[in-house]
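Step one of this worksheet: look at the structure below.
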Amino acid sequence: GTSRPRYKAHRSVDDEHGVIVATATTAGDVGENRMFRPLLLQGERNVGSLPESVVADSQYGTAENFRDATAMGVKPHMHPTAGRPSELFGSERFAYDKASDTYACPKGKKLYPKSSDKTRYGIEYAVRKGTCQECSLREKCTKSESGRTVLRRWGQELVDEGMAEVDTQEGKTARRRRKWLMEGSFAQGANLHGLKRSRWRRLWRQGIQDHLIAAVQNMKILVSAAGKD
């Protein structure tokens, strides 16, 4: 298609009532995953504390977000972002030895630190040249002619701890609830309050519009709760 001006509205809501506790407006080319930490911190400022857990779709499920959430004491309940093709062995099949700073592949061959990857925030580990050429598990492990590599993220222990929350019953239940609670908040904003429309150009003006829409939605929740009392 053709390029056109576009904004993105990011928000987080509380699990109990659906109150919008944080909202941010960015240009359309800003990825959702980059707003994970800013929304958490904004929610902390607005509410007074961090949540016990955070639920999001897989677009937020980067290693950096799992690491940050765990470091902040928040359980991350989102699916990891898709990476290596599913038909190949995942990095969980490679055992890390802290003493030697090496990985062992499913066949017991060693992977050694190769280079720092500043783009993916980690260190790449690789086998010695020729190690994978005659391996019987090659087709299940790598498509690279030079052999298998494994990326160890900075703060990998925190990443692993966070990812351990993915398949817990609490995480599965939370993700099912997110589908209607979070998406419902966006749907109401779009269908009733013009969340998908821009009244003015310029990012700061769109930010005002998105904050006003969030405020109106929160007031509706407050009025509804007061009526029940």
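Quick check on my filter: what residues within segment 55-72 are under 18 Å from ARG178 (Cβ atoms), open to solvent by less than 40 Å² (accessible area, probe 1.4 Å) and either out of contact with any helix residue (DSSP H, G or I) (no Cβ under 6 Å at 6 or more places or on another chain) or assigned to a helix (DSSP H, G or I) (or both)?
Residues of segment 55-72 under 18 Å from ARG178 (Cβ atoms): 55-62, 65-66, 69.
From what's left, open to solvent by less than 40 Å² (accessible area, probe 1.4 Å): 56, 60-62, 65-66, 69.
Within segment 55-72, ALA56, TYR60, GLY61, ASN65, PHE66, ALA69 qualify.
Of everything in segment 101-146, what is touching a helix residue (DSSP H, G or I) at 6+ places or on another chain (Cβ under 9 Å) and either among the charged types (D, E, K, R) or closer than 20 Å to GLU87 by Cα (or both)? Give them in sequence order.
Once the filter is applied, which keeps residues that are touching a helix residue (DSSP H, G or I) at 6+ places or on another chain (Cβ under 9 Å) and either among the charged types (D, E, K, R) or closer than 20 Å to GLU87 by Cα (or both), segment 101-146 yields CYS105, PRO106, LYS107, ARG120, CYS132, CYS135, CYS141.
Tell me, yes or no, whether segment 7-19 has at least one residue that is of a type in the set (A, V, I, L, M), open to solvent by 20 Å² or more (accessible area, probe 1.4 Å) and without any contact (Cβ under 8 Å) to a residue 60 or more places away in the chain.
As a first pass, look at segment 7-19 and keep what is of a type in the set (A, V, I, L, M): 9, 13, 19.
Adding the requirement that they be open to solvent by 20 Å² or more (accessible area, probe 1.4 Å) leaves 9, 13, 19.
The next check asks that each one be without any contact (Cβ under 8 Å) to a residue 60 or more places away in the chain; those that pass are none.
Checking segment 7-19: not a single residue is of a type in the set (A, V, I, L, M), open to solvent by 20 Å² or more (accessible area, probe 1.4 Å) and without any contact (Cβ under 8 Å) to a residue 60 or more places away in the chain.
Taking strands (runs of 3 or more DSSP E) that do not extend beyond segment 83-142, which have at least 2 residues that are open to solvent by 40 Å² or more (accessible area, probe 1.4 Å) and more than 17 Å from VAL159 (Cα to Cα)? Break it down into steps so the answer makes sense when it comes.
Details: elements: 95-97, 102-104, 110-117, 122-127.
Counting at least 2 such residues, we get 110-117.
Give segment 184-202 a look and list any residue that's more than 19 Å from SER12 (Cα to Cα) and either loosely packed, with under 14 Cβ neighbours inside 10 Å or basic (Lys, Arg) (or both), or say none. Don't jump to the end; show me each part of the working.
We begin by selecting, within segment 184-202, every residue more than 19 Å from SER12 (Cα to Cα); these are 197-202.
Those that are more than 19 Å from SER12 (Cα to Cα) and either loosely packed, with under 14 Cβ neighbours inside 10 Å or basic (Lys, Arg) (or both): ARG197, ARG199, TRP200, ARG201, ARG202.
Scan segment 21-32 and tell me whether some residue there is touching a Leu at 6+ places or on another chain (Cβ under 8 Å), farther than 27 Å from GLN206 by Cα and either crowded, with 21+ Cβ neighbours inside 10 Å or at pLDDT below 95 (or both).
no
Go through segment 16-42 and give me each residue that's part of a helix (DSSP H, G or I), touching a helix residue (DSSP H, G or I) at 6+ places or on another chain (Cβ under 8 Å) and hydrophobic (A, V, I, L, M, F, W, C). Spell out how you get there, then give the answer.
To start, the set of residues in segment 16-42 that are part of a helix (DSSP H, G or I) comprises 32-42.
Narrowing further to those that are touching a helix residue (DSSP H, G or I) at 6+ places or on another chain (Cβ under 8 Å): 32-33, 36-37, 40.
Listed by number, the residues that qualify are PHE36, LEU40.
Can you confirm whether ASP160 is in a helix (DSSP H, G or I) and within 22 Å of the chain's Cα centre (by Cα)?
Details: in a helix (DSSP H, G or I): yes; within 22 Å of the chain's Cα centre (by Cα): yes.
It is true that ASP160 is in a helix (DSSP H, G or I) and within 22 Å of the chain's Cα centre (by Cα).
The values are calculated or read from the model by the stated rules, or taken from the named source; none is laboratory data. The model shown is predicted, which means the values in this text are computed figures rather than measured ones. Counting neighbours? That spans all protein chains shown, and the Cβs are built from the backbone with ideal geometry, glycine included. Accessible surface areas use protein heavy atoms only, side chains included; no ligands, DNA or RNA. Shrake-Rupley method; radii C 1.70, N 1.55, O 1.52, S 1.80 Å.
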